[in-house]
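Sharing a structure with you now.
Just so it is clear, none of the values below were taken in a lab; they were calculated from the coordinates. Predicted model only: the values in this text are computed from it and were never measured. Please note: Cβ atoms are built from the backbone with ideal geometry, for glycine as well, and neighbour counts cover all protein chains shown.
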Amino acid sequence: MEIQTLTLRLQSLWDMLDKHPLIHTGLSLALLLITALLVGRLARFMLIYSMKALGRKPALQWIADLRHNKVFHRLAQMMPSLVIQFGLVLVPGLSAAGRNVIGNIALAFTILFMTLAIGASLNALLDIYARTVHARTRSIKGYVQLAKMILYIFATIIIIATLIDRSPLLLLSGLGAMSAVILLVYKDTLLSFVASVQLTSNDMLRVGDWIEVPQVGADGDVVDITLHTVKVQNFDKTIVSIPTWRLMSESFRNYRGMQQSGGRRIKRSLFIDTSGIRFLDDEEEEKFSGVRLLTDYMARKQAELKAWNHAQGNVSTLSANRRRMTNIGTFRAYALAYLKNHPEVHQDMTCMVRQMAATEHGVPLEIYCFSRTIVWADYERIQGDIFDYLLAVLPEFGLSLYQQPSGADMRQGLAGREPAAGALALPGPAVGAEPAAEAPHLVRNA
């Protein structure tokens with residue numbers, strides 16, 4: 001009895017709605033909208049919950065990346081507009097114009113959320129790629145940003161064309177006349193894209209590389225490579241953003257080769273005071289022959305000079321006709337032997353001590369070698385230890401560094417007084433000074 005009563009009431013309500021078509025159409029649209037929202041909520045709950053359960057499996061970790069970037073959330077947002085699109089045919093009394101307008105609006109929302117879902121998928125692709133080995137050497141962030149930009153441009157054109165009920169080709173044809181404006185507005189973007197392709201394809205730049213770009217004050221590690229900029233964290237922890245195209249139009253230094261080689265170059269000179277350069281006497285030759293690092297050198301050099309002088313005959317009795325060893329040459333051989341026996345100097349790389357052209361600051365002896373480590377702090381320690389020792393051992397060879405006299409030295413020299421204890425003495429040995437006494441320090445520490 002109750003069912004029949006309910007049926008009669010519904011029938012009477014339906015008959016009444018037939019007499020008022022506007023109310024009937026409005027209620028139908030409202031019912032369709034409520035149904036669409038409920039379906040959207042249900043689809044979102046089921047889709048996200050099921051993907052969350054699947055994402056817990058290690059083999060399906062990529063699903064967790066899609067969920068983290070709200071790909072499934074965007075897909076669920078498409079459901080209400082899809083329900084409205086396909087449910088409009090069930091709305092009674094709706095005119096063709098009204099159905100077209102509402103359908104176009106629903107289609108525009110569908111395209112919008114589909115575009116957002118594709119953009120979120122590209123972001124998830126970046127996260128997935130970041131866990132691969134190739135991400136350490138090649139960045140695809142610039143390509144992803146370019147793809148998203150093209151995607152959003154075309155989606156905007158299609159959405160506008162859908163809302164005004166025109167073909168997208170009509171809007172695209174109008175872009176031809178705006179090409180000059182677009183090229184002007186997106187000039188940096190286009191230049192950066194070309195530069196990004198060249199940098200990546202030629203493997204000129206990677207995330208983690210230490211680069212130096214003096215023009216923009218960059219000296220540090222690359223932390224990010226995007227379509228428009230390359231971010232460099234300087235060693236003082238400041239961040240420098242460099243337009244990508246500038247790295248192709250201007251030169252920069254990449255220290256990746258040094259880091260991969262396992263050794264870092266030491267290149268520094270000792271400026272020897274020319275007034276201390278002289279020949280070795282017999283007593284000094286005998287002393288240096290007892291130095292472990294110089295034993296082979298002294299024996300070989302003495303035999304070479306003896307044979308050469310003997311070949312000259314009687315003329316070799318004159319000092320100017322006779323070849324002799326010098327203290328700077330002996331020190332150069334000692335420094336090279338010291339480097340060759342240093343445990344923290346890379347012996348598989350170039351190692352030499354070379355004499356450069358004399359300058360107003362003396363004769364430069366350049367130490368050129370590579371450390372066994374690329375760690376900055378260890379490199380500076382090794383370099384400091386090497387030069388500490390070479391500076392301390394210079395007087396053993398009767399040599400000294402060139403050093404400009406201070407004001408106190410000049411005043412003492414003009415006054416004719418001896419320099420005070422600890423003051424800098426004017427360079428050069430005193431006239432008639434005796435040769436330096438044998439230094440057991442050199443023999444003991446060589």
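Quick one: 211, 150, fewest Cβ neighbours within 10 Å first, how do they rank?
Listing 211, 150 from fewest to most nearby Cβ atoms yields 150, 211.
Next up: Give me the net charge of residue 71's neighbourhood, meaning all other residues with Cβ under 13 Å from the Cβ of residue 71; Lys, Arg count +1, Asp, Glu -1.
Computed value for this residue: +3.
Using Cβ contacts closer than 10 Å as the measure, can you line up 332, 278, 264 from fewest to most?
Ordered from fewest to most neighbouring Cβ atoms within 10 Å, 332, 278, 264 come out as 278, 332, 264.
Please compare each pair in 237/340; 187/231; 148/187; 141/187 to a cut-off of 27 Å on the Cα-Cα distance and tell me which ones are over it.
Flagged as over cut-off: 237/340.
For a test of the definition: using alpha carbon positions, the gyration tensor, and the 1.5 limit on a/c, classify region 295-424 as rounded, prolate or oblate. Numbers along the way, then the final one.
Working: a/c = 2.63, a/b = 1.07, b/c = 2.46.
Oblate is the answer for region 295-424, as a/c is 1.5 or above yet b/c matches or exceeds a/b.
On to the next question. Need one word for region 189-318: rounded, prolate or oblate. Basis is the Cα gyration tensor (sqrt eigenvalues a ≥ b ≥ c); a/c below 1.5 gives rounded, then a/b vs b/c decides.
Taking the square roots of the gyration eigenvalues as a ≥ b ≥ c, region 189-318 is prolate.
Using Cα pairs closer than 8 Å and at least 6 residues apart in sequence, work out the relative contact order for region 269-349, in percent.
Relative contact order, region 269-349: 36 percent.
Mind ordering 221-231, 51-61 by average Cβ neighbours within 10 Å, highest first?
221-231, 51-61
Quick one: check the C-alpha center-to-center distance for region 135-155 versus region 221-279, whole angstrom.
When both Cα centres are located, 29 Å separates them.
For every other residue with a beta carbon closer than 12 angstrom to the beta carbon of residue 346, add +1 if it is Lys or Arg and -1 if Asp or Glu, then tell me the sum.
Values: positive: 264, 265, 340, 372; negative: 344, 348.
Here the charged neighbours net out to +2.
Residue 347's amide H: which non-local residues (gap 5+, or another chain) put their own amide H closer than 5 Å, with H modeled 1.01 Å from N in plane and none for Pro or chain starts?
HN-HN under 5 Å from residue 347: empty list.
Mind giving me the FRET efficiency for residue 320 and residue 299? R0 is 30 Å, r the Cβ-Cβ distance, nearest 0.05 is fine.
For R0 = 30 Å, the calculated efficiency reads 0.75.
Would you order 376, 62, 245 from fewest to most other beta-carbon atoms within 10 Å of each residue's own beta-carbon?
376, 62, 245
Could you tell me whether region 203-259 comes out rounded, prolate or oblate from its Cα gyration tensor? Rule is a ≥ b ≥ c as square roots of the eigenvalues, rounded for a/c under 1.5, then prolate if a/b exceeds b/c, otherwise oblate.
Because its axes are fairly even, with a/c under 1.5, region 203-259 counts as rounded.
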